[in-house]
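Notes follow once the structure below has been shown.
The values are calculated or read from the model by the stated rules, or taken from the named source; none is laboratory data. Everything quoted here is computed from the prediction, not taken from an experiment. Cβ coordinates were reconstructed from backbone atoms using ideal geometry, including for glycine residues, and neighbour counts include every protein chain displayed. Accessible surface is based on the protein model in full, side chains and every heavy atom, while ligands, DNA and RNA are left aside. Shrake-Rupley method; radii C 1.70, N 1.55, O 1.52, S 1.80 Å.
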Amino acid sequence: MILLWLLLIPGVGGALAWAVGGRGPEWPRRVAVGALAIDLLLAAALIGPAAAGRSQWIARLDLPWIPQLGISFELDLDGLSLVLILLTIALGIVSVVISRTEITDRVGFFHANLLWTVTGVIGVFLALDLFLFFFFWELMLVPMYFVIALWGHENRFYASIKFFIFTQGSGLLMLVAILGLVFIHWHQSGQLTFDYFALLGTKMSQTTALLLMLGFFIAFAVKLPVFPFHTWLPDAHTEAPTAGSVLLAGVLLKTGAYGLLRFVVPLFPGAAHMFAPVAMALAVVGILYGALLAFAQNDMKRLVAYSSISHMGFVLLGVFAWNTLALDGVVMQMLAHGVSTGALFILVGALQERIHTRNMRLMGGLWGVLPRLSGFAMIFAIASLGLPGLGNFIGEFLILLGSYQASVVFTVIAGRSRGVTSRGDGGVAPRDHRARRLSATGLRPSGAKHRMATP
Amino acid sequence: MNGAAFTAFAPFELLGALTIAVMLLIAIRRDHRLTALATIGGLALCCVVLPIAAPTASTPVTPLFVVDGPALFYAELVLLAALVVAILSYTYLDGMGDGPREEYYLLLLIATLGAALLPASVHFASFFLGIETLSISLLGLIGYASPRREAVEAGTKYLILGGAASAFLVFGMALIYADLGTMSFVQIGVLARVANAPDLFRLAGVAMILAAVGFKLSLVPFHMWTPDIYEGAPAPVTAFVAVVSKIAVFAVVLRYFVLAENHADGALHTGLILIAVLSMIGGNLLALLQDNVKRMLAYSSIAHLGYLLVALLAARSLGIDAAAFYLAAYAVTSLGAFGIVGLLSAPGTGRDADRIEDYRGLFRTRPFLAASLALMMLSLAGMPPTMGFIGKFYLVVAGVGTGLVWPVAALVLGSVIGLYYYLRVLVAMAMPVPDASEANPPAPVSRSGTAVIAVLLLLLVTLGVYPAPMIALIHMTVGQG
């Protein structure tokens, strides 16, 4: 039952926040923080049983939903889901708190959408009925779309529609793949079910498995995002309000990684193994390409967005390396990226609110004026670049260590790619006086990142 | 017609009696409110009587009709939709000022009678009579009671094109009769199975029927009339055309093609696949280009009927159930969408609120209607938590289960294209209010209209989150026994 409460509290909290919106802007904020705090405590209470480690599954819930089609309301929680849910709720609280000054318009509806996004994401992390998973997968898009479209920056309509079409279109491919899998299982066992555990180990020909796996893979690859499917991300991240960017980068991208870990590899182990070289190649291209584009940006938010593509490339690399080291690294990387990128988006948002621009060429000499903010920016920027002693380093290091066992070539390219980008960065930066000054202030996270990440 | 058949047929008899009663009422006393009340009350009574009078087993009523699960399910859907249209029409006509309005309800009832009988038809004669009763009164509804020139134009268009389509229908039926010597659906199926050689008469006949049905369901390439009629007709009539007539015709087509399966030697299957793919892609692409919400919804309905053909093609595996659920979802959603368009319109001014600019800032000026319309659009786009999501899921289940590669691919592609224009409406509603309307606050919206929208919204979300009861009902009535 506790899993249902995890979902219900932010869901109902969202409706409540909307309802009290008429009483003044403080009320929705209080309701939102309150609901999320209770939810966080509830999730934290599950850490104990998780640490006891009796079985992989800490809590489960199975209610009949659409019995005629073999669909049930099945929620299961294991360590991976728990960690990601904790991250989701924590970033949810952060998003509410930092929106105090930025969101002054339709406050109630804004917080409703934030909480519903959190609800959808928690649902994605919990659902182990494939239809329920798809339900939440689509459901989380709608409130996020509203957050971008209603409270975003100048180009928000374009960005929000692009975000929606990319993710929903790929989601439909996943639906077809889910149904393909379900029907194959149906023909074999005579039982129509969307239950994850029943579908594990369904036997099928190699070609079928590869096609179905691709359906899942593309949906998750768009979300993650993986190289050719990434184009929605810079727009959506840039145009979203700060809270939206934090949730997008911190949480929504993780649903893609979670899907790869939970569904793609376990459901289609053979096909995933066959596909691994391609996926790892895409990962390496993403790492390189994201980093290259990141340092070509003047818009600070776009820069952080592109650096996310690069970081998520490591996640993809780790997933398809598929050994304990790499997978530990993937989870670590997801958490660390959630925190550090979330923080960077908050800092950019705070800067934009104060100086009304995100253009870094206009930001020279900020350290003197804003020493503390710049200090924080530097800490999170070096965290993001993977300085030893900070979380991201552990994640990336473990991933590289693990993927070395799977493929030396891709690991070397991934490792070296950072050197390449940093050299390119070093070539560009000094040509522009202001940019150089800025990178010296530490306010140019990615610029600093690549220089220092050279192995 | 024995006693059992008479009882089973009670809701249809009641509907006929109601039509006559309303006609007499108008002759005695012209009063808009009274006529509307009689119509609404009578339709509500029919909706209640139908499940009560429902026979336990399928009951043939003369060779023309059969009252069975599917007939009852779709007839109830038709009656409920007509009830909603009647309530919405009252608000709309009331805002139009003086002039004769009472005959509108008479036409509405006759059209509903034709539509309600279609799902029960098992014979070419009743098939044709039902469609004609429906279309001819629709013609009046489209052009009647509106001072707008477009309405008259739309009515004339419907008259000419609809007449041509009916001619095709009759000719097609005649050709099949010439070949097989029977007009009963069941007999056609039986005889066609025996006569194995492909036959030119039968093929031509089926092709003509398909063309006529394609016109009535506005499928590509027989869709040309749709946007003009949808735009020209008053919003509640558009809702009627989009929902009631589509449900009725689709129900009879479903019965015909399932009962008299394969009488066209496979050519029908290929033709339907082609039409389905064209409708899904074409409808969605054309909808992209529209700035007029009614025209956009017209093209989108073309696409939705294309989606429904996937269910028809998958009739052997879950397709029948999927079609029933999708039609119900489509009915709720379209009634809601056109209902809101109607509520926002000021019919007295001779223009419906159909331009996309009319929706600017709606989230601010009318939050409830805007949120409702937003959910309707999401349902049309197939997003959770709405019925449209479950419906589309059901269709894809049926399509994948039957291995319909191309139609399913077109469905996915069409849905992605469709997102763009549905979201456009949402974006428009989210935009800042244009200055002009800030000066004068929006006119109040009628309470009955708002209540109808609220009920539709409740259905849309409840059955979108917990569809099991609806699916159970469909299994019970429509499901193949």
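Key figures
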quantity: Matching residues in the range B:198-234 - criterion: being within 19 Å of B:Gly271 (Cα to Cα), assigned to a loop (DSSP other than H, G, I, E, B) and small (Gly, Ala, Ser); calculated: B:Ser218
quantity: Elements of type helices (runs of 4 or more DSSP H) contained in the range B:28-130, each with 1 or more residues being without any contact (Cβ under 8 Å) to a residue 24 or more places away in the chain; calculated: B:32-53
quantity: Boolean, B:Ile188 is touching a Gly at 6+ places or on another chain (Cβ under 8 Å) and either β-branched (Val, Ile, Thr) or part of a strand (DSSP E or B) (or both); calculated: no
quantity: B:Ala260 being modelled with pLDDT under 90 and closer than 24 Å to B:Phe171 by Cα; calculated: yes
quantity: Flag if B:Val425 is aliphatic (A, V, I, L, M) and either within 30 Å of B:Gly99 (Cβ to Cβ) or facing another protein chain (nearest Cβ under 10 Å) (or both); calculated: no
quantity: Subset of the range B:147-171 [open to solvent by 20 Å² or more (accessible area, probe 1.4 Å) and of a type in the set (S, T, N, Q)]; calculated: B:Thr156
quantity: Evaluation of A:Ile218 against (1) at pLDDT 90 or above; (2) surrounded by 23 or more Cβ atoms within 10 Å (Cβ to Cβ); (3) within 14 Å of another protein chain (Cβ to nearest Cβ); (4) more than 12 Å from A:Leu130 (Cβ to Cβ) (one fails), failing number; calculated: (2)
quantity: Of residues in the range A:139-175 being under 11 Å from A:Ala219 (Cα atoms) and facing chain B (nearest Cβ under 7 Å), the one most open to solvent (accessible area, probe 1.4 Å); calculated: A:Leu173
quantity: So A:Ala294, is it open to solvent by 20 Å² or more (accessible area, probe 1.4 Å) and farther than 24 Å from A:Thr117 by Cβ; calculated: no
quantity: The lone exception for B:Gly479 - which of (1) facing chain A (nearest Cβ under 10 Å); (2) modelled with pLDDT under 90; (3) in a helix (DSSP H, G or I); (4) surrounded by fewer than 23 Cβ atoms within 10 Å (Cβ to Cβ) it fails; calculated: (3)
quantity: Matching residues, the range A:27-48, being free of Cβ contacts under 8 Å to residues at least 40 places away in the same chain and open to solvent by less than 60 Å² (accessible area, probe 1.4 Å); calculated: A:Gly34, A:Gly48
quantity: Residue ID - farthest from B:Leu423 (Cα to Cα), chosen from residues in the range A:110-151 that are more than 19 Å from the chain's Cα centre (by Cα) and of a type in the set (Gly, Ala, Ser); calculated: A:Ala112
quantity: Check on B:Tyr420, buried (at least 24 other Cβ atoms within 10 Å of the Cβ), among the hydroxyl-bearing types (Ser, Thr, Tyr) and facing chain A (nearest Cβ under 10 Å); calculated: no
quantity: Index of the failed condition, A:Ile394 passing every other in (1) within 22 Å of the chain's Cα centre (by Cα); (2) aliphatic (A, V, I, L, M); (3) at pLDDT below 85; (4) open to solvent by 20 Å² or more (accessible area, probe 1.4 Å); calculated: (3)
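Residues checked against (1) surrounded by fewer than 24 Cβ atoms within 10 Å (Cβ to Cβ); (2) more than 30 Å from B:Asp199 (Cα to Cα); (3) of a type outside the set (Asp, Glu):
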site: B:Val244; (1), (2), (3): no, yes, yes
site: B:Val249; (1), (2), (3): no, no, yes
site: B:Tyr256; (1), (2), (3): yes, no, yes
site: B:Ala337; (1), (2), (3): no, yes, yes
